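Participant: Please read through the structure below; I'll follow up with questions.
No value in this document is a laboratory result; all are computed from the given coordinates. On a predicted model such as this, the values are computed, not experimentally measured, just so you know. Here Cβ is always computed from backbone atoms with ideal geometry, including for glycine, and neighbour counts include all displayed protein chains.
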Amino acid sequence: MQENLVIVESPAKAKTIGKFLGKDFVVASSMGHIRDLEKKDFGIDIKNKYRPKYIVSEDKKKVVAELKKLTREARIVWLASDEDREGEAIAWHLQDELKLNPENTKRIVFHEITKDAILNAIHHPRAIDINLVDAQQARRVLDRIVGFEISPVLWKKVKPSLSAGRVQSVAVRLIVEREREILNFNSTSYFRVTGQFLARLADGTTAEIRAELSSRFDTENEALAFMEKCKNSEFHVADITQKPTRRSPAQPFTTSTLQQEASRKLGFSVSQTMTVAQKLYEAGRITYMRTDSVHLSSLALHTAAQKISELHGEKYVKTRQYKTKTKGAQEAHEAIRPTYMQEETIPGTAQEKKLYELIWKRTIASQMADALLEKTVITIDISNAKEKFTASGEVIVFDGFLKVYLESTDEESVSPGGQLLLPAVRVKDQLKPQGIQATEKYAQRPARYTEASLVKGLEELGIGRPSTYAPTITTIQNREYVVKEDRPGKERNYLLLELNGKEIVRSVKSEIAGAEKAKLFPTDIGMVVTDFLNDHFNQIMDYHFTASVERDLDEIAEGKKIWYEVIDRFYHPFHANLDNVLKSSEKTRGERILGSDPVSGRQVSVKIGRFGPIAQLGESSPDKEEEKPQFASLRPGQLLETITLEEAIELFRMPRELGNYENKSVVVGIGRFGPYVRHNNQFISLTRNDDPYTVTIDRAIELIALKREKESKAVIRIFAEEPELKILNGRWGPYLVYKKENYKIPKTVKAEDLSLEECLNIVNGEGNKSIKRKKARK
DNA sequence: CAGTGAGCGAGCTTCCGCTTGACTT
């Protein structure tokens, strides 16, 4: 008989703890939650105090069977899941499902995975906190009610398979609202004035000062008037101020800040960051990667101080403990940090190395001294104008944590009046102008969300948890509410006025503005669903809804409220409203009537069709059979909300006959997979740079030739003896096709050298599973 | 994979949070 069984949530954690506890203890893991609400029949008995119907999840049956076996063999079972709402519920589900006897079941918690912390926990067991469990049940039941009652309304009123939820719908709302702010943004321009001046220093040398005018001008005329005044002006140093400042390091990483920094500094997507972090965690390199805590263990503080002292000396050390301020944080874990602070780098893939170094630097920097800076501002008088130029500089007096790490920001801000070290000028020194420029600038529109900045936005609202940030972002993209895309910028002109000597030169320059990389854009369906939910389910869409739910959950956890009463107060008004929406509201298609076609006089409108957004020419009416409306899909980047009449009419110019080639017609059109050329029943996609509205027959023929060339190269080898077997060249290199199934060719052999026999070996070979196409979406 | 878009009806879709694999086209 085994003496003790400890159950934790994660296998990696089980492994570590097993080492600390010795042979009287077996440590197993539950792999997170083992049960969930039944999916069919709602899983909640609404009429019976919202009683949840729990079932063991399909993928946890093996885990539960294994745990049952282990519990039968143990004398004492220690439930060591995390000390938060979800962790407490996991412990309770384990006790219930494994039918543990309360007399030999103990609940323990620890926040650090160290021998001391665990032994201490073993000495201070407690019972399961049923109030905390109830808070979790309330959270779970509420999310089920919201998700499983509203989603079917969307199927009826908007489109099948859509979804709504407390977290995802608000995430989409953020993106939709930001997009509308951008669409409505009126970009005004102003004139920013910069100047370069030469100063003669005390030692006889000369030095340049770059400065910016402290005021801006709204119009060209004002800027010009100012430049005129500068023509005959003298420039003097009016004032020099020096001010010491200090800068402190950023807090250690949480899931959210790690995702943001990995996105900004390494260009990782949110899910990529989590996958790599998971690998590092499993390899024992870092602490747990799903956390909202900035707390560091005393061991970490100690070893960080040691390492800093060793690398940079004692004066760079400043031990700091951070307090988590995030809304709704549950602090079951430490911050994300290296397990061994001594290790600056680790072996592994390039991505693992980069992410590890980022974590190491951030953690180390958080334990280092402030940087001390000296900020200098030189003010320059203009003899004929009241405005003043200023030049500012920042000199690092003591680098402190900056030696290791500087946090990035989302905005790129480089001011032309900023430079590091300013020359040692004195007050009243005369400065010789080298050039003064007034440049037209446009006010910045709000920035679109990246995956990581959306996570930041959600976290600030207290919506979602570290374990759900990445999946939520995947969900809203899978539902096609949002797309992550690059968009090219547009060229725009700006004015430049330059004063060189006594002459003002005016020129028109151009720049590319508004280019986007990996940004989140709402789709039409995302906008229509958001509007629908805002109109009819305002409470759920409210940015403060989760926060108010959290307050209730806290009171349940404190034993001040009964969980199903809280749910009951929510449910009745919610459900009554929902019934009303089902009865009264019309089906929403986001329809807009744009006007009428000047040629035919028929009405032009846009709406969401069965296969996505479409434009419609003419109206459908049962008595005019011969005048059926024409349809055309909107193109990527076009929105129902913003498309113009002209753009919509343009869509009906497709498909377009280009001419003949080899006695067959060449037609250009736009299909489900984008613009294409059709010739001899073959479809050839246009490239990114081809415009289907202007593409010529010559270009089409070129594309046809390219396609033929590619096809001739596609077949590496065929076998006369076995016509069903082919070696083909695909997107990912050579592969085998046999009886319509694809097979991988091992990297160790050359595809062109394979014999028929070798090929069949691969087909029948073990460990070389056929690559089957999965139809499942996800 | 690409000439769709009428209308009916059956059966399906869906939430959030905790955790790993099993999948990678």
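Participant: Where the centroid of each part is defined by its Cα atoms, how far is region A:633-651 from region A:454-530 in Å?
Facilitator: Here the two parts' Cα centres lie 20 Å apart.
Participant: Right, next: For region A:631-756, compute the number of Lys pairs whose alpha carbons are separated by less than 15 Å, excluding pairs fewer than 8 positions apart on the same chain.
Facilitator: Working: A:LYS713/A:LYS726; A:LYS726/A:LYS739; A:LYS726/A:LYS740; A:LYS726/A:LYS744; A:LYS726/A:LYS750.
The number of close lysine pairs in region A:631-756 is 5.
Participant: By its C-alpha gyration tensor, with a ≥ b ≥ c as the square roots of the eigenvalues, how is region A:364-482 shaped: rounded for a/c under 1.5, else prolate for a/b larger than b/c, else oblate?
Facilitator: Values: a/c = 4.33, a/b = 1.82, b/c = 2.38.
Cα axes put region A:364-482 in the oblate bin.
Participant: A further question on this structure: Scan region A:197-289 for GluC sites (Glu not before Pro) in coil per DSSP, keeping those whose Cβ has at most 16 other Cβ atoms within 10 Å, and list them by number.
Facilitator: Numbers: sites: A:GLU208, A:GLU212, A:GLU220, A:GLU222, A:GLU228, A:GLU234, A:GLU261, A:GLU282; in loops: A:GLU234.
Within region A:197-289, the qualifying GluC sites (Glu not before Pro) (loop, at most 16 other Cβ atoms within 10 Å) are A:GLU234.
Participant: On the principal axes of its Cα set, how long, how wide and how thick is chain A? Give whole Å, largest value first.
Facilitator: 97, 83, 70
Participant: If you project the alpha carbons of region A:80-231 onto the principal axes, what extent comes out on each, in Å, largest first?
Facilitator: 92, 60, 22
Participant: Give me the dipole magnitude in Debye, nearest 20, for chain A about the Cα centre, with unit charges on the beta carbon: positive for Lys and Arg, negative for Asp and Glu.
Facilitator: I would put it at about 1280 debye.
Participant: Which of rounded, prolate, oblate describes region A:510-609, given a ≥ b ≥ c as roots of the alpha-carbon gyration tensor eigenvalues and a/c under 1.5 marking rounded, otherwise prolate only if a/b is larger than b/c?
Facilitator: Since a/c reaches 1.5 but b/c is at least a/b, the shape of region A:510-609 is classed as oblate.
Participant: Sticking with this structure for a sec: In whole Hz and in residue order, list the ³J(HN,Hα) couplings for region A:449-455 that follow from phi through the Karplus curve 6.51 cos²θ - 1.76 cosθ + 1.60, θ = phi - 60°; x for Gly and Pro.
Facilitator: Couplings: 6, 9, 3, 5, 6, 5, 4 Hz.
Participant: For region A:535-588, count all C-alpha to C-alpha pairs, find those more than 14 Å apart, and express that count as a whole percent of the total.
Facilitator: Working: 901 of 1431 pairs.
Summing the P(r) of region A:535-588 above 14 Å gives 63 percent of all pairs.
Participant: Taking region A:213-358, how many lysine pairs are there with alpha carbons less than 18 Å apart, if each pair must be eight or more places apart or span two chains?
Facilitator: Values: A:LYS265/A:LYS353; A:LYS265/A:LYS354; A:LYS279/A:LYS353; A:LYS279/A:LYS354; A:LYS307/A:LYS315; A:LYS307/A:LYS318.
Step by step, the pairs that qualify in region A:213-358 add up to 6.
Participant: Grab the DSSP H runs of chain A that are 4 residues or longer, score each as -39,500 (n - 2.57), total them, divide by all residues and round the 222 nm result to the nearest 500 deg cm²/dmol.
Facilitator: For chain A, the value works out to -10500 deg cm²/dmol.
Participant: Count neighbours as other Cβ atoms within 10 Å of each site's Cβ, and list the GluC sites (Glu not before Pro) in region A:640-669 that are DSSP loop with at most 12 such neighbours. Show your work: numbers first, answer last.
Facilitator: Details: sites: A:GLU641, A:GLU646, A:GLU647, A:GLU650, A:GLU657, A:GLU662; in loops: A:GLU641, A:GLU662.
Passing both the DSSP loop test and the Cβ count: A:GLU662.
Participant: Sort region A:254-362 into rounded, prolate or oblate with this rule: let a ≥ b ≥ c be the square roots of the eigenvalues of the Cα gyration tensor; rounded if a/c is under 1.5, and if a/c is not under 1.5, prolate when a/b is larger than b/c, oblate otherwise. Don't skip to the answer; put the middle values down first.
Facilitator: On the way: a/c = 1.76, a/b = 1.17, b/c = 1.50.
Verdict is oblate for region A:254-362.
Participant: Can you pull out the trypsin sites (Lys or Arg not before Pro) in region A:312-375 whose DSSP state is coil and whose Cβ has at most 14 other Cβ atoms within 10 Å? Before the final figure, lay out each step's value.
Facilitator: Numbers: sites: A:LYS315, A:LYS318, A:ARG320, A:LYS323, A:LYS325, A:LYS327, A:LYS353, A:LYS354, A:LYS361, A:ARG362, A:LYS375; in loops: A:LYS318, A:ARG320, A:LYS323, A:LYS325, A:LYS327.
Those satisfying the criteria are A:LYS323, A:LYS325, A:LYS327.
Participant: Given all pairs of different Cα atoms, what value in angstroms does the Kirkwood hydrodynamic radius of region A:36-159 take? Walk me through the numbers on the way to the answer.
Facilitator: Values: mean 1/r = 0.0604 Å⁻¹.
For region A:36-159, inverting the mean 1/r across all distinct Cα pairs yields 16.6 Å.
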